[in-house]
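Working notes, structure below.
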Amino acid sequence: MFAAEIFMHRFLLSSAVRTFNPEEADWFYTPVYTTCDLTPSGLPLPFKSPRMMRSAIELIATNWPYWNRSEGADHFFVTPHDFGACFHYQEEKAIGRGILPLLQRATLVQTFGQKNHVCLKDGSITIPPYAPPQKMQAHLIPPDTPRSIFVYFRGLFYDTSNDPEGGYYARGARASVWENFKNNPLFDISTDHPPTYYEDMQRSVFCLCPLGWAPWSPRLVEAVVFGCIPVIIADDIVLPFADAIPWEEIGVFVAEEDVPKLDSILTSIPTDVILRKQRLLANPSMKQAMLFPQPAQAGDAFHQILNGLARKLPHGENVFLKPGERALNWTAGPLALADSSSFGSDTPQPSFQPPATAIIILASSPPSSPLPVFLSFLLLLDWPAASSILLGGFVEVGGWKGGEVGGAMAMRLSSAAVALALLLAATALEDVARGQDTERIEGSAGDVLEDDPVGRLKVYVYELPTKYNKKMVAKDSRCLSHMFAAEIFMHRFLLSSAIRTLNPEEADWFYTPVYTTCDLTPWGHPLPFKSPRIMRSAIQFISSHWPYWNRTDGADHFFVVPHDFGACFHYQEEKAIERGILPLLRRATLVQTFGQKDHVCLKEGSITIPPYAPPQKMKTHLVPPETPRSIFVYFRGLFYDTANDPEGGYYARGARASVWENFKNNPLFDISTDHPPTYYEDMQRSIFCLCPLGWAPWSPRLVEAVVFGCIPVIIADDIVLPFADAIPWDEIGVFVAEDDVPKLDTILTSIPMDVILRKQRLLANPSMKQAMLFPQPAQPGDAFHQILNGLGRKLPHPKSVYLDPGQKVLNWTQGPVGDLKPW
């Protein structure tokens, strides 16, 4: 972040303002790099910088007459240290040192700026720290991404190595941010620096820019470039190019002592003020002025520096000294720094290694050599009028492309008052500590959830030819990881379960391990068209090899059928309804993901289960438990299925399309078709997760939401939810009718805070999460055990299960002709 001194040098070497005639120069520049003596961790050590600077000044004063005629008053130096030319990173010691005496008359171009401070001399030009433009460009996200994070910050809160007792680093302001808001879900703050850092800033409304050891930090640059309103917490800071950039209009200033009131301050800002700040930040010139791109671009930070220097012209009469006059004291300053002879001597100096060209210039250049870069200025355009505002779209800033700024998106709110009301109401969450408070599920539901099925039932597992199961997985292992994989893992679990019996005469239930979702498309989606024939073939096999099917026509048998619409075996509802449940399964108990009241594809007595979501994969994406939930509403998935529903309105019964059309530009809704690598992390940072129907009412989002503690918003009329006799869905979720989707924002923002908190506490119960998963190996209370509990509650079988000798109930010739073909 100190690299401006290097890139300023490179820029000037080829700039149109450079002159090779020192007699016509307005300014003189000395290219000395004082921040390249780095620690192993990459932090600059300032201790040799004063000697380095003295040595360079001695060289130019000896070889050219221009320093001596003004003692540097027409020279400028880039000094991007924490406290500029005071050359120390701790404020107290920087103040004790003061600005290097030889630079007292020069113009300093520095990142440090604070009013009435000994390390900021009158006439200095305050600049932004260096932030890599190409790296920032590589992390741009789609321009329609909403700003769903309210307050964002990543960085240190304490510096225990340099401030072990605390209170000195950042003058306690950062510590106060952490202590007051670490558990506030509006504040996404952490010491972790995720790979999505730049993306997260583009999804944030406010970005905290607190002082550290110095008032400034690169966050200021990043916030402006990514359109995030900077919240500047640094008393008396002097901001970059303050005579050109309207900081009061684009930022928010919070006094260090007011940090404990930060939530109230930010949530009380009127929405129209927020929108105006965002529109100003969208101005391409605003972003460009904060960057040092290579090559340089019109209006960038290099040019802003030159503008600042040009505005100081013509030089005043006091710049040039009378013959023999001296203003500087070359012996002033700490004793160890007054001696520059050791710098550049034969004694090994491992720290400072300037480029070879600079060594040649410093060591042996004649007076005619352009060691100082002599500048004559063309009149450059001043800052563009603030009224020139980009309202949205994908902008290009001198080769640096930036995405649409949140202000443009926020303007499209159906009601700005809704957003403001939410922000005000959500502050009531500030005392919530995520990952700490849980609530036990009271009453019979909780007891059922924690039941142990062992000893309550016995299951006999039919031994089928491997073509019905294992060979299918061997042929296409993708069916081990898709959301229909429960049928495979249930089989594996039962083979080693304590409830398995090898004696069919003592069995309560019979299980047929047939995999009907392993016939996959190239994209991994299961084709259901062969499933009826596979199932019929398996039933024919068990009925001809064992007597147990025939004595009940399958009434004491259960099958796992995790298709979109269960044993109706089709992914489109209309065709699934037309097909109906496979006739041979009408007396069996079906264990299926599909559940909808009064639907032909859900028979009475079925057990509705969660879809499969990979437990190990989810575990590897866990975020720290103290991570705040700063996203209000989250969803990733399809809104339209043009391939299977080209005219629209049929897929998800239009509910997903309605979500998109009503809320795609609402900054409270982080919704997209993109499935980012941070998907699981994002759910853990969200308060509400949308779980709308797709082709079927259910989806893996329901599992993910519960496991990651995100309140599921269930949009699927008459859905029957997994293990509904054990999990209190009404208490942990929010149900929204499909017709009410256009009112979704109003519905969610009107939920009382105490209701939200209780739902989150219930979701934090480990039993709730475990019941939704199929882990390998199985764990007590997991989805396997919940299925067995459901089967156990159906015992003992009634007498109607068993047929009279010779009695037949099922019609083996019933169903579509294609289903009757052999498999």
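The values are calculated or read from the model by the stated rules, or taken from the named source; none is laboratory data. Given the structure is predicted, the values throughout are model-derived calculations rather than measurements. Note that we place each Cβ from the backbone using ideal geometry, even for glycine, and neighbour counts take in every protein chain shown. Please note that ligands, DNA and RNA were not included when accessible areas were found on the heavy atoms of the full protein model with its side chains. Shrake-Rupley method; radii C 1.70, N 1.55, O 1.52, S 1.80 Å.
From the alpha carbon centroid of the range 202-219 to that of the range 112-128 is 19 Å. The mean accessible area for residues of the range 1-89, using a 1.4 Å probe and ignoring ligands and nucleic acids, is 33 Å² per residue. Spacing of the modelled spin labels on Glu92 and Glu574, each 7 Å from Cα toward Cβ, amounts to 7.8 nm.
Pairs of Cα atoms nearer than 8 Å and 6+ residues apart set the relative contact order; for the chain it is 13 percent. Each Cα pair under 8 Å and six or more residues apart adds its sequence gap; the mean of these over the residue count of the range 25-146 is a relative contact order of 20 percent. Please report the antiparallel percentage of DSSP beta bridges with both residues in the chain, rounded to the nearest 5. Around 20 percent antiparallel, to the nearest 5. For the pair Val118 and Met753, a Förster radius of 60 Å applied to the C-beta separation gives a FRET efficiency near 0.80, rounded to the nearest 0.05.
Computed over protein heavy atoms with a 1.4 Å probe, the accessible surface of the range 133-289 works out to 33 Å² per residue. Between Lys821 and Ala327, the contour length at 0.36 nm per residue exceeds the alpha carbon distance by 167.4 nm. Here the relative contact order of the range 133-289, from alpha carbon pairs under 8 Å that lie six or more residues apart, stands at 22 percent. Between rounded, prolate and oblate, where does the range 667-745 land on the alpha carbon gyration tensor, with a ≥ b ≥ c its root eigenvalues, rounded for a/c under 1.5, else prolate if a/b exceeds b/c? Taking the square roots of the gyration eigenvalues as a ≥ b ≥ c, the range 667-745 is oblate. Across the chain, Cα-Cα distances exceeding 53 Å account for 32% of all pairs. Reported to the nearest whole Å, the Cα centre-to-centre distance from the range 763-823 to the range 1-58 is 76. Within the accessible area of the chain, the carbon and sulfur atoms contribute 54%, probe 1.4 Å, all protein chains present.
Take 671-684, 559-572, 275-288, 713-726 and order them by the average number of nearby Cβ atoms within 10 Å per residue, most first; the result is 559-572, 275-288, 713-726, 671-684.
Accessible surface for the range 627-785, divided over its residues, is 33 Å² per residue with a 1.4 Å probe.
In this structure the amide hydrogen of Val720, modeled in the peptide plane, comes within under 5 Å of the amide hydrogens of Gly595, Gln596, Lys597, none closer than 5 places in sequence on its chain. With a ≥ b ≥ c the root eigenvalues of the C-alpha gyration tensor of the range 133-289, is it rounded (a/c under 1.5), prolate (a/b larger than b/c) or oblate? Here the range 133-289 falls in the rounded category. The helix-based estimate of mean residue ellipticity at 222 nm for the chain, built from -39,500 (n - 2.57) per DSSP H run of four or more residues and divided by its residue count, is -8000 deg cm²/dmol to the nearest 500.
Take the Cβ atoms of Asp725 and Asp192, set R0 to 45 Å, and the FRET efficiency comes out at 0.65. With the simple spin-label model, which puts each label point 7 Å out from Cα in the Cβ direction, the Arg276 to Glu24 separation comes to 4.6 nm.
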